[in-house]
Amino acid sequence: MVALGALPFPVVTAQSARLDVGSFTISVNGQRVGREQFSMQQVLTNDGATVEVRSESAVGDTRTALRLEADSAGTPVRYSIESRRGAELTLRLGGQRVRGRFATLARSVTGEAAREYLLRPGAVVVEDDGIVQYALIVRRRALAEGTGVTLPSLTPVANAQGVVRVVLEATSDTVVIAGARRVAQRYRVVTASGEVRLVWAEGDGQLLRLSIPARGLDAVRDDVPR
């Protein structure tokens with residue numbers, strides 16, 4: 001896998017506290033295709049508190065490492081993603097917030113591209129692939145059952161902006177994790193492309209399961225949160 005430490009982030013004086021750590025088994029149409037391991041921590045610096053998520057995934061012959069630092073609303077402060085297919089580096093993208101905008105630089109097999117996006121209030125990162133990003137999308141959403149919120153979205157890998165709709169469908173659904181029944185909130189997330197993603201989470205954004213029905217994809221946590 002790609003080493004998370006290889007992704008460049010500025011060196012800052014900070015204190016951190018672990019919020020969650022674990023892994024998911026990813027299946028498509030009932031067949032296991034890969035795995036994603038992740039961590040989530042709160043980072044305190046002189047600039048304030050942020051939440052940082054990191055993940056490493058292996059799906060087929062594709063390996064991806066992601067690092068995303070966001071503020072309390074889930075809006076990105078810094079972002080880095082690197083993908084390889086076999087031994088070939090297919091994408092390396094880095095981005096950071098700069099005066100109300102989010103600037104990215106991507107290097108891929110097709111060349112280099114710099115982009116800049118207007119960072120609207122409450123904007124969240126919603127990539128086409130990956131699991132742990134949803135922790136920042138559903139974390140601390142003060143929603144009543146059956147209600148939702150529409151948020152601006154960024155999809156840096158696809159160089160796209162749009163909106164994502166997040167609805168709390170149920171406050172006490174059940175998910176089985178490693179043989180244990182867990183009570184979770186179930187969210188319905190509709191991306192800018194119209195794709196529906198179902199997210200189960202408990203506590204303060206601890207993910208348990210992600211389902212993308214249109215793809216036959218199901219990602220289930222390997223162990224209960226600790």
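Tabulated data for the structure shown
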| read-out | value |
| --- | --- |
| In the stretch 62-98, residue surrounded by the fewest Cβ atoms within 10 Å (Cβ to Cβ) [restricted to those that are among the acidic types (Asp, Glu) and touching a residue at least 40 places away in the same chain (Cβ under 8 Å)] | Glu69 |
| Among the candidates Val176, Val189, residue that is at pLDDT 95 or above, open to solvent by 70 Å² or more (accessible area, probe 1.4 Å) and in contact with a Lys or Arg (Cβ under 8 Å, 6 or more places away or on another chain) | Val176 |
| Scan of the stretch 108-139 for residues that are among the charged types (D, E, K, R) and over 15 Å from the mean Cα position of the chain (by Cα), ordered by number | Glu112, Arg115, Glu116, Arg120 |
| Members of the stretch 148-168 that are surrounded by 15 or more Cβ atoms within 10 Å (Cβ to Cβ) and either over 30 Å from Thr110 (Cα atoms) or charged (D, E, K, R) (or both) | Gly148, Leu151, Arg165, Val166, Val167, Leu168 |
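Rundown of residues vs (1) open to solvent by 40 Å² or more (accessible area, probe 1.4 Å); (2) not β-branched (Val, Ile, Thr), yes/no style:
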residue: Glu116; (1), (2): yes, yes
residue: Gly146; (1), (2): yes, yes
residue: Thr171; (1), (2): yes, no
residue: Val183; (1), (2): yes, no
residue: Ala201; (1), (2): no, yes
residue: Leu217; (1), (2): no, yes
residue: Asp222; (1), (2): yes, yes
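The values are calculated or read from the model by the stated rules, or taken from the named source; none is laboratory data. Bear in mind that the values here come from a model prediction, so they are computed numbers and not experimental data. Don't worry about glycine lacking a Cβ; one is built from the backbone with ideal geometry, like all the others, and counts go over all protein chains shown. These area figures cover heavy atoms from the full protein model, side chains too; ligands, DNA and RNA do not enter into them. Shrake-Rupley method; radii C 1.70, N 1.55, O 1.52, S 1.80 Å.
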